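Every read-out reported here was derived from the displayed coordinates using simple, explicitly stated rules and does not represent laboratory data. Quantities reported herein were computed from a predicted structural model and do not represent experimental measurements. So basically every Cβ, Gly included, is an ideal-geometry build from the backbone, and we count neighbours across all protein chains shown.
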Amino acid sequence: MANKYQKLKGLTVRVDDVVYMPSLDAPADKPHPFVYFITIVNGSEEAIRIFGRKWVVRERGGETLVVEGEGVVGQKPILDPGEEFSYNSYHVAADDSDVQGAFFGATVDDRKVLAIIPDFKLELPDWA
């Protein structure tokens, strides 16, 4: 998927926060829920429609989960130059994890672009 996509200068992603939330529902085999807050920033000179994402979550125990899908939290936002799209979602994990990924989109003239998500960690607090 990423081979036909190119980075667009000014289209960036910011990881605003990652919070361990033990009060959220989680299955027994992945008992640690994390909420993450993300902002996609269109600092380019072109309008962009974000229509997909790919996340790679590598747990310390060795399991790797790849999540691909359409949209962002059920939406396909259009970001004009200077606009931002912020959202939060959550992930459940069995252990500490490293997260990588990208959002995929297109310009008005249908040029395929991507924005790399800065790598971040899902780290269990000492008290968990």
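Of note:
- Any hit, the range 25-48, residues being charged (D, E, K, R) and under 15 Å from the mean Cα position of the chain (by Cα): no
- Residues considered: F104, F34, F85. Of these, the only one that is surrounded by 14 or more Cβ atoms within 10 Å (Cβ to Cβ) and either basic (K, R) or in contact with a Gly (Cβ under 7 Å, 6 or more places away or on another chain) (or both) is F104.
- Looking across the range 80-128, the residues that are polar (S, T, N, Q) and within 30 Å of G61 (Cα to Cα) come down to N88, S89, S97, Q100.
- Residues considered: L114, L124. Of these, the only one that is closer than 23 Å to Q6 by Cα and either crowded, with 17+ Cβ neighbours inside 10 Å or touching an Asp or Glu at 6+ places or on another chain (Cβ under 6 Å) (or both) is L114.
- For the range 24-54, the set of residues classified as within 26 Å of L122 (Cα to Cα), of a type in the set (A, V, I, L, M, F, W, C) and in contact (Cβ under 8 Å) with a residue 24 or more places away in the chain consists of L24, A26, F34, V35, F37, I38, I40, V41, I50, F51, listed by residue number.
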